[in-house]
Number of protein chains: 2
Amino acid sequence: MSTTSPDLVHATRGGIVESLHRGSVAIVDASGAVRLALGDIDRPVFPRSACKVLQALPLVASGAAEALQLTDAELSLACASHGGEPGHVATAAGMLAKASLDASALECGTHWPRLEATQRAMARAGEEPGPLHNNCSGKHSGFVCVGCLMARAQGRDAREFVHGYVRPDHPVMREVTAALQAATGVDLSRAPVGTDGCSIPAFALPLRGLALGFARVATGQGLSPEHARAARRLREAVARSPFHVAGTGRFDTRVMERLGERVFCKVGAEGVYCAALPGQGLGVAIKIDDGNTARAAEVVMAAVIESLVSLGDAERGFMRRFSEVPLLNCNGTRIGALQASAGLREALPVS
Amino acid sequence: MSTTSPDLVHATRGGIVESLHRGSVAIVDASGAVRLALGDIDRPVFPRSACKVLQALPLVASGAAEALQLTDAELSLACASHGGEPGHVATAAGMLAKASLDASALECGTHWPRLEATQRAMARAGEEPGPLHNNCSGKHSGFVCVGCLMARAQGRDAREFVHGYVRPDHPVMREVTAALQAATGVDLSRAPVGTDGCSIPAFALPLRGLALGFARVATGQGLSPEHARAARRLREAVARSPFHVAGTGRFDTRVMERLGERVFCKVGAEGVYCAALPGQGLGVAIKIDDGNTARAAEVVMAAVIESLVSLGDAERGFMRRFSEVPLLNCNGTRIGALQASAGLREALPVS
């Protein structure tokens, strides 16, 4: 897979590189022109949660968001890998209530919130997680809202209609897959397909196609008018409600709180990160070979944003804290750093 | 660092490799003869917690273990990266009590137990972590025991004497560093040095030297008589009390519960794993380039044990569950697997 993947992130200790992360980066404009290719950008990669905004296009394009009067927070949550914090859980429950349904309609499964502090707070309060705590519950609530509108249009019972919505052949999932295909330009009928963590189909796409999809989200170019409007509405909603797309202390939340609509970035599992940069008209897609998102893909995305987006000095310093991260030990002693590799820095900025 | 590192572990989804882990493996006998070299085994690597048994040699060799009547559980904990479970915490406290000291003597710092279920159980009980919960508290309690004996021999106050034991120039740490150097044959005065997670010095050694150290632990050859006796006693203690070297559900505990003294294996942070195989007279040292221990170094170690150690069919099936690990999603659906790469399987067994 990765004989050509350059090292993108170094973890240092005692003045040497202790560990490193290799990976690939595609930066593409809305015409499909490649502005930067590091590593193999044509190898199929599972985008995982990084493509949630593409999967949420039908929620707006279908008219469901309007019919159900979904708020910015709710649309942001539909694009989210959220932390299962009380504000996320309540917002997902609210989306389902607007569709006259509840958490029992969700087919994403249950996991404890990723953030250990949130887990401990729940344990202290004697709580157990349910499907609303699943980091994908907003995306799934969005799917259920799409299904609710389809059911209404056909005069059918919504609960019955949405059952099985995670299956590839369900009308809701067919819409979602069609949106992913239209945005990325990749023929998904020929793509490797697996099952995602939340049980929906997972298609593997080249980074080139993913980056193109995000360039289209950034610009609207190459999308249908309905999808272009939906992409604009979703970017705007996330910029207005960045807490709901991730959560306390999380990269996507912090960066979009600070930079607003200048960046739409979205994390995925297994070292994937995507971004739409409207000011530059560019899409970005990153895959770390070893699947490490938190300490590798984030650092690469930070370096990309630093390099490509127009930033003031304070904003640049803010981003640098994500691309040069001090590592502290249990006594708070600085023992090293995570940092974008010199090779990555040299490859950026793209012209 | 790793242009030559082969891929050792694959994470699959939908029939393709989603992520992979590259790394290096050294298998060496007690004469220093290399039986297997994958990747660069001469590049310095921080062994982290994988070398705790070498750092515990002075605890036995000095006579401290005998003088303080340390049990198998306590000696096992001195070699441990434990889970901070109640049995670990109580055992560390007991070691310190035998030295007439308490948790306030520990300089390892505090972190929540790694296992999320243990964290939640503590949170439910209204508990907060202290230094005894640190995964290194047994190693540090062992250092304190060594210091206690040194203080007694000099007629000095133990608490005062052990203060600052994590510093490179403290008499206790000088003994520990000397043991690491003697076992591995690496001149640590010329090695890269950083600070470990628990604040003691961290030296970077070639995998070749680390594997040699473990071949010596396996056989006693090449060690001083005191260190050879200490190595045997520590291996025996861990085999008799494998819970204390790691904890519930952990690789080292489960494997040594099953295979007893045939394997001494020890995990380290940042993708390092070491083992002593007494029956084969071999030492093993593994480093995953990207630093992933739990899902990469463990899989490699499992494949090495499967290949090198004399196992019955049931034992082989048991080990295979660590080298071919099904990956399940939130709904319990199998979505892929972690597995030793074909290249690694082909390189093993060594003759």
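Quick notes
- Heavy-atom surface analysis with a 1.4 Å probe gives the stretch B:261-351 a carbon and sulfur content of 51 percent of its accessible area.
- The angle between the Cα long axis of helix A:171-184 and the main principal axis of chain A comes to about 30°, on a 0 to 90 degree scale.
- Here the accessible area is traced with a 1.4 Å probe on the protein chains. For the stretch A:154-239, carbon and sulfur cover 47 percent of it.
- The 1.4 Å probe gives accessible areas that order A:THR195, B:THR293, largest first, as A:THR195, B:THR293.
- Averaging Cα coordinates gives a centre for the stretch A:1-71 and one for the stretch A:262-283; these two points are 7 Å apart.
- Whether the stretch A:28-183 is rounded, prolate or oblate, judged on the alpha carbon gyration tensor where a/c under 1.5 counts as rounded: oblate
- Shielding score for A:7-19, defined as the mean number of other chain Cβ atoms within 10 Å: 6
- Where the stretch B:212-351 is the region considered: accessible area per residue in Å², 1.4 Å probe: 35 Å²
- Taking Cβ atoms as reference points and 12 Å as the exclusive limit, the residues near B:ALA56 contribute a net charge of +3, counting Lys and Arg as +1 and Asp and Glu as -1.
- Surrounding net charge for A:ALA123, when Lys and Arg each add one and Asp and Glu each subtract one, Cβ distance under 12 Å: -1
- Take each residue of peptide A:45-52, count the partner chain Cβ atoms within 10 Å of its Cβ, and average: the result is 1.
- The stretch B:53-209 - accessible surface per residue (Å², probe 1.4 Å): 36 Å²
- Oblate is the label for the stretch A:195-273. Its Cα gyration tensor axes, ordered a ≥ b ≥ c, give a/c of at least 1.5 and b/c at or above a/b.
- Counting only lysines at least 8 places from B:LYS98 when in the same chain, those with an alpha carbon closer than 19 Å to its own are B:LYS139.
- Per-residue shielding of B:241-251, expressed as the average number of other chain Cβ atoms within 10 Å of the residue Cβ, stands at 0.
- Rounded percent of accessible protein surface that carbon and sulfur make up, the stretch A:1-116, 1.4 Å probe: 52 percent
- The Stokes-Einstein estimate for the stretch B:258-351, based on a Kirkwood radius over Cα pairs and taken at 4 °C with 1.567 mPa s viscosity, is a diffusion coefficient of 93 µm²/s.
- Largest accessible area first, the residues A:PHE203, A:PHE46 order themselves as A:PHE203, A:PHE46 under a 1.4 Å probe with ligands, DNA and RNA left out.
- Surrounding net charge for A:LEU68, when Lys and Arg each add one and Asp and Glu each subtract one, Cβ distance under 14 Å: 0
- Solvent-accessible area of A:THR71 with every protein chain in place, 1.4 Å probe, in Å² to the nearest 10: 60 Å²
- Measuring with a 1.4 angstrom probe and ignoring ligands and nucleic acids, A:ARG216 comes out at about 40 Å² accessible.
- Members of A:LYS287/B:LYS266; A:LYS287/B:LYS287; A:LYS52/A:LYS287; A:LYS266/B:LYS287; B:LYS52/B:LYS287 lying beyond 27 Å, as alpha-carbon distances in this model show: A:LYS287/B:LYS266; A:LYS266/B:LYS287
- Reduction of at least 30 Å² in accessible surface, 1.4 Å probe, comparing all protein chains with the chain by itself, residues of the stretch A:329-349: A:ASN329, A:CYS330, A:ASN331
- Measuring only protein heavy atoms, the 1.4 Å probe finds B:ILE335 accessible over about 20 Å².
- Cα shape, the protein assembly as shown, gyration tensor, a/c 1.5 rule: prolate
- Based on protein heavy atoms only, the stretch A:1-42 ends up with 33 Å² per residue of surface accessible to a 1.4 Å probe.
- Accessible surface buried by the B/A pair amounts to about 3900 Å², both sides summed, 1.4 Å probe.
- Computed over chain B, Cα set: Rg, Dmax in Å: 19.6, 67
- Sorting A:ARG250, A:ARG156, B:ARG240 by solvent-accessible area of protein heavy atoms yields B:ARG240, A:ARG156, A:ARG250, largest first, with a 1.4 Å probe.
The values are calculated or read from the model by the stated rules, or taken from the named source; none is laboratory data. Values in this document were obtained by computation on a predicted structure and should not be read as measured data. No Cβ is skipped: glycine too gets one built from the backbone with ideal geometry, and neighbour counts run over all protein chains shown. Protein only, heavy atoms only, side chains kept; ligands, DNA and RNA dropped before computing areas. Shrake-Rupley method; radii C 1.70, N 1.55, O 1.52, S 1.80 Å.
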